[in-house]
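Report on the following structure.
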Amino acid sequence: MAHLLVIESWVGSMSRLLPRALGEGGHRFTFLTRDLHHYLRAAPVDGPHPLLAAENVLTVDTNDAAVLLPYAERLHGLLGFDGVLSSCDYYLPQVARVARRLGLPGAAPEAVEAACRKDLTRRKLAEAGVPGPAYALCTDREQARAAARAIGYPLVVKPVDLCAGMFVREVVDEAELLVAIRALDAFPVNARGQRREPAVLLEELLTGPEVSVETVSAGGAAHVVGITDKSVAGAPAFVETGHMFPAALEPAEGAAAADTALAALAALGLDQVVAHTEIKLTPNGPRVVEVNPRPAGNRITELVRRVTGVDLAAAAVDVALGRRPDLAVHPTGVTSAAIAFLVPEGGQAGLLDGFDGEEAVRRDPAVVELALAGAGREVRPATSNNEYLGHVMTADSVGAGARGAAERLLAGLTPRLTAADAEHALGDADADAGASATAAGIAPSAPAEIAPAEIAPAEIAPAEIAPAEAAPAGVPA
């Protein structure tokens, strides 16, 4: 039985899946957090928060490496850890630093940092010739205007260091570009109290279906577990509305996507990780959207487990311990599994009373999992993956029908709303992704000044914009 140090977590599904995987593996864990209230406020109604199953729950400033590293070292001397892990993107670099400091298995901190920062990912992939969009890192508005003209509208504006699609927007002209930049200026601190990098990433708008490649890397070898498809809506935002595993792709298309994901992992130097690499299948071949050095969120890990028997949360525990996980596919009787998310429509806003059609959906034999937000939840138009009102999961035993079943069931649910009280606090939108600083109880500070001196690399000129045709699809790993 191993003892693992868990440094923070998301508060959604992975906060359940990771403790479950630890328990089923016969392991124990110590949980380290800077703010226990962040988890207690999202405690499930059916019992205590799963993270409280930890053998020890300790508080330390997990945002400050100068504090965290020596503290973890002292704890290691007292408790003896065998591995370090987290499910929360904002703490993955800290986990890698702690593992190195303690001499425990783990990915290289530099590789994890590069994967968690969208601008560093773009640079590393472009240097290695891994195909992605044309892009530019901009540290002020004049740079952004010039870069946008060079890339060409429409384009995508992204923060370099947020999750769940927060503040990711398609913009069609300079006026919309400046609105998107001002919105980021007003969000200088993320949901975990970490000050953000005051920069924006501009990217060519990629077209085509989007998929994610789920991989496990251990001992220098990367293994593709499978490919998940993705539905996206909410323009000009990019809100994930559903997934199906496995993606319904032609063999050559799937192989090209897998090869591109493996090339991205190699370019970043990622090993000893479970990764979730998002790929756009453009008319010119696969292009990397982003690389996440942790198991997929949005219940994708559960879709994978239902079809293949492979538990990616358990695999994350194994690689944190320096072990080779069992990735053999086992018959489950399921050929496809899908999830559809209930996303507020454009005009929906108010307080949630309940759902019309809920009882009929619950009785439907096609339902594998149904989760719905509770009464009193504030409903607002969706601008990221944080505004979900629930989900339906289904499985098919004979083909690729899971997506159709999930979408049919979701269509039978209609939220009932009442007008929101102006004094009503923000709801529990912080699920398996980030939330606003206000929702996390963090007082927003004044907008950060964007200045080139505050950020790494920087003269952005049209000549420095990475080309879209960086390399052909199917780059070898």
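The values are calculated or read from the model by the stated rules, or taken from the named source; none is laboratory data. Being a predicted model, the structure only gives us computed values, none of them experimental. All Cβ positions, glycine included, derive from the backbone under ideal geometry; neighbour counts span all protein chains shown. Ligands, DNA and RNA are excluded from the accessible area calculation, which covers all protein heavy atoms including side chains. Shrake-Rupley method; radii C 1.70, N 1.55, O 1.52, S 1.80 Å.
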> Looking at the range 250-273, which of its residues are touching a Ser or Thr at 6+ places or on another chain (Cβ under 7 Å) and outside any helix (DSSP H, G or I)?
Replying inline: Leu270, Asp271, Gln272, Val273
> Among (1) without any contact (Cβ under 8 Å) to a residue 24 or more places away in the chain; (2) closer than 27 Å to His38 by Cα, where does Tyr91 come up short?
Replying inline: (1)
>> Among the residues that make up the range 143-156, is at least one of them open to solvent by 50 Å² or more (accessible area, probe 1.4 Å) and of a type in the set (Phe, Trp, Tyr)?
In response: yes
> Here is a list of conditions, (1) in contact with a strand residue (DSSP E or B) (Cβ under 9 Å, 6 or more places away or on another chain); (2) under 22 Å from Gln94 (Cα atoms), and Pro198 meets all of them except one; can you say which number that is?
Replying inline: (1)
>> Out of Gly80, Gly106, I need the residue that is over 24 Å from the mean Cα position of the chain (by Cα) and on the phi > 0 side of the Ramachandran plot. Which one?
In response: Gly80
>> Pairs needed: first member in the range 217-236, under 24 Å from Gly106 (Cα atoms); second member anywhere, exposed (fewer than 15 other Cβ atoms within 10 Å of the Cβ) and basic (Lys, Arg); C-beta distance under 9 Å; at least 6 residues apart or different chains.
In response: Ala218/Arg324; Gly219/Arg324; Ala221/Arg324
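Scan Val98, Val112, Val60, Val84 and give me the residue that is among the β-branched types (Val, Ile, Thr) and either touching a Cys at 6+ places or on another chain (Cβ under 9 Å) or farther than 19 Å from Ala320 by Cα (or both).
Val60
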> Is it the case that some residue within the range 91-100 is aromatic (Phe, Trp, Tyr) and within 30 Å of Glu174 (Cα to Cα)?
Replying inline: no
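Please find, among Ala134, Ala115, Ala126, the residue that is among the aliphatic types (A, V, I, L, M), buried (at least 24 other Cβ atoms within 10 Å of the Cβ) and either within 23 Å of the chain's Cα centre (by Cα) or closer than 21 Å to Glu197 by Cα (or both).
Ala115 is the lone residue from the list that is among the aliphatic types (A, V, I, L, M), buried (at least 24 other Cβ atoms within 10 Å of the Cβ) and either within 23 Å of the chain's Cα centre (by Cα) or closer than 21 Å to Glu197 by Cα (or both).
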> Considering the range 166-209 alone, what residues qualify as being within 27 Å of Gly285 (Cα to Cα) and open to solvent by less than 20 Å² (accessible area, probe 1.4 Å)?
Replying inline: Met166, Val168, Val171, Val200, Leu201, Leu202, Glu203
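For the subset of the range 1-22 comprising residues that are out of contact with any Phe, Trp or Tyr (no Cβ under 9 Å at 6 or more places or on another chain) and of a type outside the set (Gly, Ala, Ser), which member is modelled with the lowest pLDDT?
Among them, the one singled out is Met14.
Restricting to the range 258-267, what's the tally of residues that are open to solvent by 10 Å² or more (accessible area, probe 1.4 Å), in contact (Cβ under 8 Å) with a residue 60 or more places away in the chain and not charged (D, E, K, R)?
3
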>> If Gln348 satisfies all but one of (1) under 19 Å from Gly234 (Cβ atoms); (2) in contact with an Asp or Glu (Cβ under 9 Å, 6 or more places away or on another chain); (3) of a type in the set (S, T, N, Q), what's the number of the condition it fails?
In response: (2)
> Within the range 93-112, which residues are surrounded by 19 or more Cβ atoms within 10 Å (Cβ to Cβ) and closer than 14 Å to Gly269 by Cβ?
Replying inline: Pro93, Ala96, Gly106, Ala107, Pro109, Ala111, Val112
> Looking at this structure, is Ala255 out of contact with any strand residue (DSSP E or B) (no Cβ under 6 Å at 6 or more places or on another chain) and over 27 Å from Pro105 (Cβ atoms)?
Replying inline: yes
> If you scan the range 23-50, which residues turn out to be open to solvent by less than 20 Å² (accessible area, probe 1.4 Å), under 21 Å from Val317 (Cβ atoms) and modelled with pLDDT under 95?
Replying inline: Tyr39, His49
> Just to be sure, is Glu250 among the acidic types (Asp, Glu) and under 20 Å from Ala405 (Cα atoms)?
Replying inline: no
